[in-house]
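Engineer: Would you mind keeping the following structure in view while I ask a few things?
The values are calculated or read from the model by the stated rules, or taken from the named source; none is laboratory data. Just so it is clear, the model here is predicted, and its values are computed rather than measured. Ideal geometry is used to build each Cβ from the backbone, glycine not excepted, and the neighbour counts take in all protein chains shown. To get the accessible areas, we keep the full protein, side chains included, count just its heavy atoms, and leave off ligands, DNA and RNA. Shrake-Rupley method; radii C 1.70, N 1.55, O 1.52, S 1.80 Å.
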Amino acid sequence: MVAGAPGPPPPETVNPAVIEAMAEAGIDLSAEVPKVLTIEAVQASVVVMTVGCGDACPVFPGKQYRDWKLDDPAGQGVEAVRSIRDEIEARVRTLLADRLPVQ
């Protein structure tokens with residue numbers, strides 16, 4: 001059973017401090033727009049990562065869900081966003097290390 005509708009509406013544009021912080025890491029978000037978490041994206045996923053999505057995000061049995069508690073970059077400068085970016089990178093690296101077989 002799906003709980004809730006697709007994710008909450010995203011902002012209309014990517015936070016400029018996020019664009020700057022990600023550019024420093026070699027990732028260009030300047031042409032990107034925020035996207036909503038769709039039912040199709042959740043169905044195609046093995047692990048679903050959310051950040052404060054709560055009941056607004058679709059939930060399907062058999063999927064692994066992890067809701068990460070992170071600071072909101074909205075209204076924050078690039079210094080704060082760098083810290084958030086680095087925290088997300090560390091968590092993704094840990095997730096990948098836990099999920100991928102050692103070669």
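Engineer: Looking at the stretch 55-82, which of its residues are part of a helix (DSSP H, G or I), touching a residue at least 12 places away in the same chain (Cβ under 8 Å) and surrounded by fewer than 14 Cβ atoms within 10 Å (Cβ to Cβ)?
Structural biologist: ASP55
Engineer: Going through the stretch 33-51 one residue at a time, which ones are open to solvent by 60 Å² or more (accessible area, probe 1.4 Å), touching a Lys or Arg at 6+ places or on another chain (Cβ under 9 Å) and either at pLDDT 90 or above or under 22 Å from VAL18 (Cα atoms) (or both)?
Structural biologist: Passing the criteria: MET49, VAL51.
Engineer: Select from the stretch 15-32 the residues that are in contact (Cβ under 8 Å) with a residue 40 or more places away in the chain and open to solvent by 80 Å² or more (accessible area, probe 1.4 Å) and list them in ascending order.
Structural biologist: Passing the criteria: GLU20, GLU24.
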